[in-house]
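The values are calculated or read from the model by the stated rules, or taken from the named source; none is laboratory data. Quantities reported herein were computed from a predicted structural model and do not represent experimental measurements. As a convention, Cβ positions derive from the backbone with ideal geometry for all residues, glycine included, and neighbour counts pool all protein chains shown. Remember, those area values only see protein heavy atoms, side chains included, never the ligands or the DNA or RNA. Shrake-Rupley method; radii C 1.70, N 1.55, O 1.52, S 1.80 Å.
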Amino acid sequence: HGGTMTCQPGVGPVCQNEVVPSQEICGGGQDEDCDGFVDEGCGGVCVPYETEPCYEGQPGTANVGICEEGYRQCYSTGTGWSPCYDQVLPEAEDLCGNDVDDDCDGNQNDETCVMPIAQGVWVDWDHGSDDTGDGSFDNPWKTIVKGHQSGKKLVYAKADADGTVYLESLNLGSANHNITLKGWGPTRPVISGRFHIVHCYDCTIENFELRYPKPGQLGQDPQSTIDAVHNYRNTGRDIVLSAPDGLPGGKDLANCHHGYDNLFVDVVIDDVVFMPNDDSGHFGLIDWHDHGSGSQFIRVSLGDNITAAPGAGPNIDVTFLSAWGYCDNWPDGVTAVRSCLAAGLDLESMVPGSSSFTAVKLGCYLITESPTGFMVANNTFTNIVAGTVNAVVLENNQQFEPWITSNIFGPFYGNQSTGLQSGFAAQVVYSDIYQVESPTGGDAGLGAGCISQEPKFMNPNVGNYQLGPGSPCINTGDPALLDADGTPTDMGAYGGPYGDG
């Protein structure tokens, strides 16, 4: 176990100097109760896994104009808070032409605005004359790379009505922190290439389609569209991840090595073609692995245009969301998957009899003193057809209790299906596990509030997985959670404080 143990056996026939477990002494820096944790449950800082609003902008700007409060989450031990996720802070100046209060001062939109705003530069593949543009709205650079290399912290990429495709191999970061890259225009600009994020802290990527490149575009297939290394507290917001020209076997759409406390919010994975694959046959959609702990996945959804190219196989093994890494006091946040949706995927028709799908796979190692925890809440994983289907898989031996709650798992169709599979003692609570062969597997079990009833989605035949009238999942989720309107939480992706319902 992690922590500094204070218990020890005595010596001699009368057992001298024995130290036995005692009540935890807060702030003592020792493991007095000998359970492997130091100062756990001390201080009453917060309720484990609860969230609360947070905001780090100037006073009076929260929820004014573009600015929005974010949230922070309590550690599983109740001893501290995560960073502030998903807040939107004010721009230094108002941006002309968008009729939005960008500086969040509550005054007239576009007042005394400038073009471009002083902190940012503009790029536009279609309209820039060449690479010698000055980065202004009227004379943008043609590459995002040049905009990033300008040293500006804010880069706007313009798109016209037909969309704009930037064929780039972009290195974002390299110890240049606090960068914001925003798509601009009536459609999302597309970056088709390798989007390498390295040593980028507190960076934001917003309103883009990140597309796996065409074969041969970069000379060699990259590991992923997003390839993140040593990045912290970064945000991907309003992103589409796609691979219309094919995702090779063994590759990922988003892949991370050493990425703590990142946020994916409002992400759609769509227009993906699985290509003939290597012997492993594995495809990762978001694989935030190897020190990827402390990251949050909010409203990530699987689109309805996921296909396989002819000859794909002999097997297809797809993981929707994966995050694992250190789970000690290094990451500042809780690893959380909330209000995500994966539904209507038929892998069996793509590769009959040799397919598997896992919605969420979480794990950690090097647990020491203060594990920050796992939370899987208010997700819907349903109507999946594959040889093997797993909703949630927890790997490795955890020394804390994850919170798996208020989800809808199933129906699943295939030879084998499981709701919660765990290699250690864990429970799923207040969830609907319906038409799943094994509600739990391994050392997992069912806790309070679980049901097995038809969820009664609004219209799943057209991809509407909101809960319809009379659904047993309405207001029956975890009583410790509320929906955004303050009512008891619904089970599934449209319930909870971050659901769209």
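Residue-wise test of (1) of a type outside the set (Ser, Thr, Tyr); (2) within 19 Å of TYR494 (Cα to Cα); (3) modelled with pLDDT under 95.
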{"position": "LEU302", "(1), (2), (3)": "yes, yes, no"}
{"position": "ALA312", "(1), (2), (3)": "yes, no, yes"}
{"position": "SER322", "(1), (2), (3)": "no, no, yes"}
{"position": "ASP332", "(1), (2), (3)": "yes, no, yes"}
{"position": "LEU341", "(1), (2), (3)": "yes, yes, no"}
{"position": "GLY353", "(1), (2), (3)": "yes, no, yes"}
{"position": "TYR365", "(1), (2), (3)": "no, no, yes"}
{"position": "ALA377", "(1), (2), (3)": "yes, yes, no"}
{"position": "ILE384", "(1), (2), (3)": "yes, yes, no"}
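Being more than 30 Å from VAL462 (Cβ to Cβ) and under 11 Å from the mean Cα position of the chain (by Cα) is true for just one of GLY281, GLY294. Which residue is that?
GLY294
Which residue out of VAL268, VAL272 is open to solvent by 10 Å² or more (accessible area, probe 1.4 Å), of a type outside the set (Gly, Ala, Ser) and in contact (Cβ under 8 Å) with a residue 24 or more places away in the chain?
One residue alone meets the criteria, VAL268.
Yes/no per residue for (1) closer than 16 Å to LEU341 by Cβ; (2) among the polar types (S, T, N, Q); (3) free of Cβ contacts under 8 Å to residues at least 24 places away in the same chain; (4) open to solvent by less than 80 Å² (accessible area, probe 1.4 Å):
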{"site": "LEU420", "(1), (2), (3), (4)": "no, no, no, yes"}
{"site": "ILE433", "(1), (2), (3), (4)": "no, no, no, yes"}
{"site": "THR440", "(1), (2), (3), (4)": "no, yes, yes, yes"}
{"site": "GLY447", "(1), (2), (3), (4)": "no, no, yes, yes"}
{"site": "MET458", "(1), (2), (3), (4)": "yes, no, yes, no"}
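Among residues belonging to the range 95-125 that are under 23 Å from VAL165 (Cα atoms) and surrounded by 15 or more Cβ atoms within 10 Å (Cβ to Cβ), point out the one that is modelled with the lowest pLDDT.
Filtering the range 95-125 for residues that are under 23 Å from VAL165 (Cα atoms) and surrounded by 15 or more Cβ atoms within 10 Å (Cβ to Cβ), the one modelled with the lowest pLDDT comes out as PRO116.
Yes or no: the range 452-467 includes at least one residue that is in contact with a strand residue (DSSP E or B) (Cβ under 6 Å, 6 or more places away or on another chain) and of a type in the set (Phe, Trp, Tyr).
So far as the range 452-467 goes, yes, one or more of its residues are in contact with a strand residue (DSSP E or B) (Cβ under 6 Å, 6 or more places away or on another chain) and of a type in the set (Phe, Trp, Tyr).
Give, as residue ranges, the strands (runs of 3 or more DSSP E) completely inside the range 146-258 that count at least 2 residues that are buried (at least 16 other Cβ atoms within 10 Å of the Cβ) and of a type outside the set (A, V, I, L, M).
The qualifying strands (runs of 3 or more DSSP E) are 154-158, 169-173, 180-184, 194-198, 204-211, 224-232, 235-247.
So which of THR476, THR487 ends up being under 22 Å from VAL392 (Cβ atoms), open to solvent by 30 Å² or more (accessible area, probe 1.4 Å) and among the β-branched types (Val, Ile, Thr)?
The conditions single out THR476.
Report, by residue number, each residue of the range 410-443 that is of a type outside the set (Val, Ile, Thr) and in contact with a Leu (Cβ under 8 Å, 6 or more places away or on another chain).
Correct list: LEU420, GLN421, SER422, GLY423, PHE424, ALA426, GLN427, PRO439, GLY441.
Identify the residue in the range 46-71 that is open to solvent by 70 Å² or more (accessible area, probe 1.4 Å) and under 22 Å from GLY373 (Cβ atoms) and, among all such residues, is modelled with the highest pLDDT.
PRO53
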